[in-house]
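The values are calculated or read from the model by the stated rules, or taken from the named source; none is laboratory data. It should be emphasised that the depicted structure is a prediction, and the values quoted were computed from it without experimental measurement. Reconstructed Cβ throughout: ideal geometry from the backbone, glycine too, with neighbour counts over all protein chains shown. Just the protein is used for accessible areas: all its heavy atoms, side chains included, with ligands, DNA and RNA removed. Shrake-Rupley method; radii C 1.70, N 1.55, O 1.52, S 1.80 Å.
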Amino acid sequence: MTRTVNHWIGGKSVDGTSGTYGPVTDPATGQVTTKVAFASVDEVDAAVAAAKEAYATWGQSSLAQRTSILFTFRALLDAHRDEIAELITAEHGKVHSDALGEVARGLEIVDLACGISVQLKGELSTQVASRVDVAAIRQPLGVVAGITPFNFPAMVPMWMFPLAIACGNTFVLKPSEKDPSAAVRLAELLAQAGLPDGVFNVVHGDKVAVDRLLEHPDVKAVSFVGSTPIARYIHTTASAHGKRVQALGGAKNHMLVLPDADLDAAADAAVSAAYGSAGERCMAISAVVAVGAVGDELVAKIRERAEKIKIGPGTDPASEMGPLITAAHRDKVASYVAGAAAEGCEVVLDGTGYTVEGHPECAEGHWIGISLLDKVPTTAGAYQDEIFGPVLCVLRAETYEEGVALINASPFGNGTAIFTRDGGAARRFQLEIEAGMVGVNVPIPVPVGYHSFGGWKDSLFGDHHIYGNDGTHFYTRGKVVTTRWPDPADAPAGVDLGFPRNH
């Protein structure tokens, strides 16, 4: 019998009532293993109502109480990291080591939330005028929502809800319907940690659920991670309904390789950053810009390494790359490679015909191999679009300036990297490049939890990056209190506070 993933509302699992369900597929086999209940407007309203009711108490709870629960949750999450990784592998397809890494990066933000007292400290200025003090404090918003993508079903939700609830908000999560089980397991662990009912809720679904969260008058803020077109829609719609929004969009991350770079290190970095997690991550390196005469040697080194990658089911410890999330996405990724030569690209590796050997159960899985395209023109679709698959484009530039201009011309500005031995060149690059996250000899510059994650241009809609200090500010609002107290020596006659009278 097919398992059903239900909603989590008010501290318990709640059966779906809409009558609409979506299939959850094991990408390695192509078999539907689970169905997930899709929420109606009424079911979303029920989750928001539960969060609003819980906020009346949670928003007034002590910081010590909130962080104590998060410390317990962190211990439970650590103890169950293998189990959560297995859920990710079963529904997303990434190999177990990648899934464990995802959980570990989510734990970083839980750590940050456990120590959030420093970020929530206020400010005080005394005696700004005679007996006048001014204090600045930060308070929670109320009910906030998160809408998260399929590629990191545990990590991206943990970029949001730990900080939100540590700040005193209550949370409604709408995870991807393609791999929903990890989100529900996180909800169960939060309940086990002692989180009060209604503080964290999960509703599954499609555009019906998303639009209701964007429009609901009791939802005060929305966090989103996904593609640029949807991020733009989320930002426009939620903002029109008076909500605070952080919407992280797509990317086309470049890696600039200068002639003085260690080409072995650059090739290692390019392969891991382009093909890790099957390229299904917004911080994947999908475009390498080779400067000067290094292009041919660099491409040869990338090819040599890429051909050795072991592709197979995530449950096989020998596998280094798994399948893509759906057959439709696999076919879309393949279409960019199939049309590359006609657009002027040199197809060095074509992975579109890949089949898994030694695993007959995987015959119908969503498999694709490694593709490497060289001498890619900027007009090619494989360069212009975010492919979100294991396809690496190599472009050529004569000079550093030409390479930087090429990168800055991209409408995306999520992350970028430079590989060089020259500190001066690296310093120029980090100042001149138009992207929100920059790596110097680091291919995927995802910040640690106490720094914020976010891009520029069409990679971010809204003013706040996610997690870090920006995350704390996003989930709170400032208030300034100006106070004047009379001197106790001026107390009314008949009231003795033990102070001498002023005459």
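Once each part is reduced to its C-alpha centroid, what is the distance from region 249-285 to region 200-231 in angstrom?
31 Å
With only Lys, Arg, Asp and Glu charged, each at its Cβ (+1 for the first two, -1 for the last two), find how big the charge dipole of the chain is about the Cα centre; round to the nearest 20 debye.
On the way: 40 positive and 58 negative charges, 311 e Å.
It works out to roughly 1500 debye.
Could you list which residues have their amide H under 5 Å from that of Val289, counting only those 5 or more apart in sequence or on another chain, with H placed in the peptide plane?
Met255, Leu256, Val257, Leu395
From the backbone phi of region 192-209, what are the Karplus-calculated ³J(HN,Hα) couplings (6.51 cos²θ - 1.76 cosθ + 1.60, θ = phi - 60°) in whole Hz, Gly and Pro given as x?
5, 6, x, 5, x, 4, x, 5, 10, 10, 10, 10, 9, x, 10, 4, 4, 5
Work out, step by step, the length gained on full extension between Gln31 and Arg131: first 0.36 nm times the residue separation, then minus their alpha carbon distance; give nm to one decimal.
Details: separation 100, 0.36 × 100 = 36.00 nm, distance 7.19 nm.
Result for the pair: 28.8 nm of gain on full extension.
Which order do Lys301, Lys457, Lys252, Lys332 take when ranked by solvent-accessible area (1.4 Å probe, heavy atoms of all protein chains), largest first? Can you show the working numbers first?
Numbers: Lys301 40, Lys457 70, Lys252 10, Lys332 110 Å².
The ordering from most to least exposed comes out as Lys332, Lys457, Lys301, Lys252.
With unit charges on the beta carbons (Lys and Arg positive, Asp and Glu negative) and the dipole taken about the Cα centre of region 206-328, which residue among Ala265, Gln246, Thr326 sits farthest to the positive side?
Going by the Cα projections, it comes out as Gln246.
What list of ³J(HN,Hα) values in whole Hz, one per residue of region 331-336 in order, does the Karplus curve 6.51 cos²θ - 1.76 cosθ + 1.60 (θ = phi - 60°) give from phi, with Gly and Pro shown as x?
Karplus values, whole Hz, x for Gly and Pro: 5, 5, 4, 4, 5, 5.
Could you tell me the calculated FRET efficiency between His451 and Ala75, based on Cβ-Cβ distance and R0 = 30 angstrom, to the nearest 0.05?
Values: r = 25 Å, r/R0 = 0.82.
Calculated transfer efficiency: 0.75.
Given +1 on the Cβ of Lys and Arg, -1 on the Cβ of Asp and Glu, and no further charges, what dipole in debye does region 266-329 carry about its Cα centre, rounded to the nearest 20? Let's see the in-between values first.
Numbers: 6 positive and 8 negative charges, 13 e Å.
It works out to roughly 60 debye.
Take Asp316, Asp463 and sort them by solvent-accessible surface of the protein heavy atoms, 1.4 Å probe, largest at the top. Intermediate results must be reported in sequence, preceding the final value.
Values: Asp316 35, Asp463 140 Å².
Per-residue accessible area, sorted high to low, gives Asp463, Asp316.
For region 390-503, with the dipole built from +1 on Lys and Arg beta-carbon atoms and -1 on Asp and Glu ones, taken about the Cα centre, which of Val446, Leu392, Tyr467 lies farthest toward the positive end?
Tyr467
Would you grab the residues whose amide H sits under 5 Å from the one on Val14? Only those 5+ places off in sequence or on another chain, please, with H modelled 1.01 Å from N.
Sorted by chain and number, the residues that satisfy this are His7, Trp8, Ile9.
Going by the alpha-carbon gyration tensor, a ≥ b ≥ c the square roots of its eigenvalues, is region 240-356 rounded (a/c under 1.5) or, if a/c is not under 1.5, prolate (a/b greater than b/c) versus oblate? Write out the running numbers ahead of the final one.
Values: a/c = 1.58, a/b = 1.20, b/c = 1.32.
Oblate, because a/c is 1.5 or more while a/b does not exceed b/c.
Quick one: length gained pulling Glu215 to Ser239 fully straight, 0.36 nm per residue minus the C-alpha distance?
Working: separation 24, 0.36 × 24 = 8.64 nm, distance 0.94 nm.
Taking Glu215 through Ser239 to full extension adds about 7.7 nm, to one decimal.
In deg cm²/dmol and to the nearest 500, what is the mean residue ellipticity at 222 nm of the chain if only DSSP H runs of at least 4 residues count, each as -39500 (n - 2.57), divided by the residue total? All intermediate terms of the calculation are to be shown ahead of the outcome.
Values: 15 runs with 179 residues, N = 503.
That comes out to -11000 deg cm²/dmol.
List, in order, the whole-Hz ³J(HN,Hα) value for each residue of region 265-272 obtained from phi through the Karplus relation with A = 6.51, B = -1.76, C = 1.60 and θ = phi - 60°; use x for Gly and Pro.
5, 5, 5, 4, 5, 4, 5, 5
Which aspartates and glutamates have a Cα less than 16 Å from the Cα of Lys375, not counting those fewer than 8 places away in the same chain?
Those aspartates and glutamates meeting the cut-off are Asp296, Glu297, Glu343, Glu346, Asp350, Glu398, Glu402.
Taking the dipole about the Cα centre of region 336-443, with the C-beta of Lys and Arg at +1 and of Asp and Glu at -1, give me whichever of Thr416, Leu349, Phe429 is farthest to the positive side.
Projecting each Cα onto the dipole axis, the largest value belongs to Phe429.
From the protein chains alone at 1.4 Å, what is the descending order of accessible area for Trp485, Trp8, largest first? Please report the intermediate quantities before stating the final value.
Numbers: Trp485 180, Trp8 25 Å².
These residues rank, largest area first, as Trp485, Trp8.
Leaving out ligands, DNA and RNA, what percent of the accessible area of the chain is carbon and sulfur, probe 1.4 Å? Could you put the intermediate results ahead of the total?
Values: 10730 of 20350 Å².
Carbon and sulfur atoms account for 53 percent of the accessible area of the chain.
What are the equivalent ellipsoid semi-axes of the chain, built from the alpha-carbon gyration tensor (square roots of five times its eigenvalues), in whole angstrom, biggest first? Walk me through the numbers before you get to the answer.
Working: eigenvalues 401, 181, 68 Å².
Value: 45, 30, 18 Å, ordered largest first.
Using a/c under 1.5 as the rounded threshold, could you call region 292-333 rounded, prolate or oblate? The axes a ≥ b ≥ c are square roots of the C-alpha gyration tensor eigenvalues, and prolate needs a/b larger than b/c, oblate otherwise.
Working: a/c = 5.16, a/b = 1.68, b/c = 3.07.
Verdict is oblate for region 292-333.
Lysines within cross-link reach of Lys121: Cα-Cα under 21 Å, excluding same-chain residues under 8 positions apart?
Qualifying lysines at Cα under 21 Å: Lys479.
If you count only protein heavy atoms with a 1.4 Å probe, what accessible area per residue comes out for the chain, rounded to a whole Å²?
40 Å²
Could you pull out the pairs from Lys94/Lys178; Lys35/Lys174; Lys252/Lys308; Lys12/Lys52 whose alpha carbons sit more than 18 Å apart here?
Details: Lys94/Lys178 13 Å; Lys35/Lys174 16 Å; Lys252/Lys308 25 Å; Lys12/Lys52 16 Å.
Over 18 Å apart, Cα to Cα: Lys252/Lys308.
With +1 assigned to the C-beta of every Lys and Arg and -1 to the C-beta of every Asp and Glu, and no other charges, what is the dipole magnitude of region 260-381 about the Cα centre in debye, to the nearest 20? Intermediate values should be presented prior to the final figure.
On the way: 9 positive and 19 negative charges, 57 e Å.
For this selection, approximately 280 debye.
For Lys220, give me every one of the aspartates and glutamates with a C-alpha distance below 19 angstrom, ignoring sequence neighbours fewer than eight places off in its own chain.
Partners found: Asp42, Glu43, Asp45, Glu53, Asp211, Asp463, Asp470.
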